[in-house]
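**Q** Below is one structure. I have some questions about it.
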Amino acid sequence: MSRALYPGSFDPITYGHLDIVQRARKLFPDLTLAVVENPRKAPLFSTKERRDLAEQALAEVGLRDVPVTTYSGLLIECAKNMNVEAIVRGMRATSDFDYEFQMALTNRDLDSGVESVFLMTAGRYSFLSSSIVKEVKQHGGDVSKFVPRCVERALERKLGLGRPCESA
Ligand code: PNS
């Protein structure tokens, strides 16, 4: 059975990511979600927080059996070490294409034994990113349609947006 890796920053994980996991595991039942330790942009959450949130979010949506790991260094090295045949990525709008194209061809050049497989995002999540979720939450917006409750609570704690104190 072919094994696959779903890598990302997951800073934090969103319903868009979880939708990709749900669909990818139909193609690759042996799917592992991999949280990168050093994302391109300085993360809001630590590696452990992003990993823990991914595990909690997967459990919250009934995907508790999907394992979560972390990696540092090159994605293709992680893929080789885990002996996977495919790297799964979600593709949103054309804005994702250039980076994904460059990453996929570079990784294929580094190791042609690992294919990059792309799933088009569900329409309802095509606008969604971890960055926009953080920005909306930062400004007091409702993100309950974008992330599971455990992630929303973690954002409230991390951004110092605890529930308004009850009236005395
Ligand atoms: O969620 P993201 O930020 O789009 O995920 C990008 C990620 C983490 C998959 C990618 O940046 C990555 O794996 N970086 C680790 C270093 C690496 O392998 N870079 C790609 C070289 S082709």
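The values are calculated or read from the model by the stated rules, or taken from the named source; none is laboratory data. These figures come from a predicted structure and were not determined experimentally. Cβ coordinates were reconstructed from backbone atoms using ideal geometry, including for glycine residues, and neighbour counts include every protein chain displayed. Only protein heavy atoms, including side chains, enter the accessible area calculation; ligands, DNA and RNA are left aside. Shrake-Rupley method; radii C 1.70, N 1.55, O 1.52, S 1.80 Å.
**Q** Quick check on LEU18: is it more than 12 Å from the ligand (Cβ to nearest atom), part of a strand (DSSP E or B), touching a residue at least 12 places away in the same chain (Cβ under 8 Å) and open to solvent by less than 40 Å² (accessible area, probe 1.4 Å)?
**A** Here the answer is no, as LEU18 does not meet what is asked.
**Q** Oh, and also: Kindly provide the set of residues from the stretch 21-40 that are of a type outside the set (D, E, K, R) and open to solvent by 40 Å² or more (accessible area, probe 1.4 Å), ordered by number.
**A** Correct list: GLN22, LEU27, PRO29, ASN38.
**Q** Would you say LEU44 is more than 12 Å from the ligand (Cβ to nearest atom), touching a residue at least 60 places away in the same chain (Cβ under 8 Å) and either touching a helix residue (DSSP H, G or I) at 6+ places or on another chain (Cβ under 6 Å) or not polar (S, T, N, Q) (or both)?
**A** On the way: more than 12 Å from the ligand (Cβ to nearest atom): yes; touching a residue at least 60 places away in the same chain (Cβ under 8 Å): yes; either touching a helix residue (DSSP H, G or I) at 6+ places or on another chain (Cβ under 6 Å) or not polar (S, T, N, Q) (or both): yes.
Criteria met by LEU44.
**Q** Output the residue which, of all residues in the stretch 53-89 that are under 12 Å from the mean Cα position of the chain (by Cα) and away from the ligand (no atom under 15 Å from the Cβ), is least open to solvent (accessible area, probe 1.4 Å).
**A** So the residue we want is LEU58.
**Q** Out of everything in the stretch 1-14 that is more than 15 Å from the ligand (Cβ to nearest atom) and in contact (Cβ under 8 Å) with a residue 60 or more places away in the chain, what residue ends up being nearest to the chain's Cα centre (by Cα)?
**A** Here the answer is ARG3.
**Q** Within the stretch 1-15, work out how many residues are more than 20 Å from VAL147 (Cα to Cα) and either crowded, with 21+ Cβ neighbours inside 10 Å or of a type in the set (D, E, K, R) (or both).
**A** The qualifying residues number 3.
**Q** Of everything in the stretch 104-117 that's of a type in the set (A, V, I, L, M, F, W, C) and open to solvent by less than 70 Å² (accessible area, probe 1.4 Å), which residue is farthest from the ligand (Cβ to nearest atom)?
**A** Looking only at the stretch 104-117, we keep the residues that are of a type in the set (A, V, I, L, M, F, W, C), and these are 104-105, 110, 114, 117.
When the remaining residues are screened for being open to solvent by less than 70 Å² (accessible area, probe 1.4 Å), the result is 104, 114, 117.
Details: ALA104: 8, VAL114: 11, VAL117: 13 Å.
Only one residue tops the list, namely VAL117.
**Q** Right, something else. Could you list, in sequence order, all residues of the stretch 90-103 that are within 18 Å of GLU77 (Cα to Cα) and within 8 Å of the ligand (Cβ to nearest atom)?
**A** So in the stretch 90-103, the residues within 18 Å of GLU77 (Cα to Cα) come out as 100, 102-103.
Once the filter is applied, which keeps residues that are within 18 Å of GLU77 (Cα to Cα) and within 8 Å of the ligand (Cβ to nearest atom), the stretch 90-103 yields GLN102, MET103.
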